[in-house]
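J.: I am attaching a structure below and will ask some questions about it afterwards.
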């Protein structure tokens, strides 16, 4: 993987150059000394991880799109078998690769997406009459244990996105005393405060891009 400290070092270089403490002509030598430029091995690891994530997401969306595209051709039980089979496979693979963090996180993300697909399939097949907000709220609720064990900022952000969507859809359906913008602001401010407080205890949450 590319060094996580490289971004901080580049920021330091920028500050030194702007304050004229580091001359432009000395920048190449400073970069060579600090070794912040990714090596060939680091680039290879980065590309491997990138392909892992793209492949995982492609599999998850492939299952969803396959069911949607063949809605009339595939029977009711067939649809459930495809989605549940993919979900079961993801859970088995998670147990198999539980000691390989990146693979485990990718599998958990696939499983979370498939849970949403399964809930949407159930609601569409049996026409439960549930309000749209319930789909996203229950999706977030059911996947909370996986989110907790994921130790991965992306999955936490997806989980917060599901809660935001459920709150928005709830207000569209039932309304409320406060404007939805204020409710969303209060919820996300609380989430940000909790995230910032938790950074000191859980280092994997300390991702600048996720906090932003």
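J.: Which of the residues that make up the range 174-186 are under 14 Å from residue 133 (Cβ atoms) and part of a helix (DSSP H, G or I)?
T.: 174, 180, 183, 184
A quick yes/no check of all residues on (1) closer than 21 Å to residue 210 by Cα; (2) outside the structural domain of residue 58 (by TED's automatic domain parsing); (3) assigned to a helix (DSSP H, G or I):
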| residue | (1), (2), (3) |
| --- | --- |
| 89 | no, no, yes |
| 103 | yes, no, yes |
| 113 | yes, no, yes |
| 138 | no, yes, yes |
| 145 | yes, yes, yes |
| 156 | yes, yes, yes |
| 172 | no, yes, yes |
| 191 | yes, yes, yes |
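J.: Could you check the range 136-151 and list, in sequence order, the residues that are farther than 14 Å from residue 111 by Cα and in contact with a helix residue (DSSP H, G or I) (Cβ under 6 Å, 6 or more places away or on another chain)?
T.: 136, 137, 151
J.: Here's another thing I want to ask about it. Kindly list the number of the only condition in (1) at pLDDT below 90; (2) under 30 Å from residue 208 (Cα atoms) that fails for residue 128.
T.: Status for residue 128: all satisfied but (2).
J.: Considering only residues that are exposed (fewer than 12 other Cβ atoms within 10 Å of the Cβ) and in a helix (DSSP H, G or I), which ones fall in the range 199-212?
T.: 203, 208, 209
The values are calculated or read from the model by the stated rules, or taken from the named source; none is laboratory data. Since we're looking at a predicted model, the values are computed, not measured. Backbone-built Cβ (ideal geometry, glycine too); neighbour counts: all protein chains shown.
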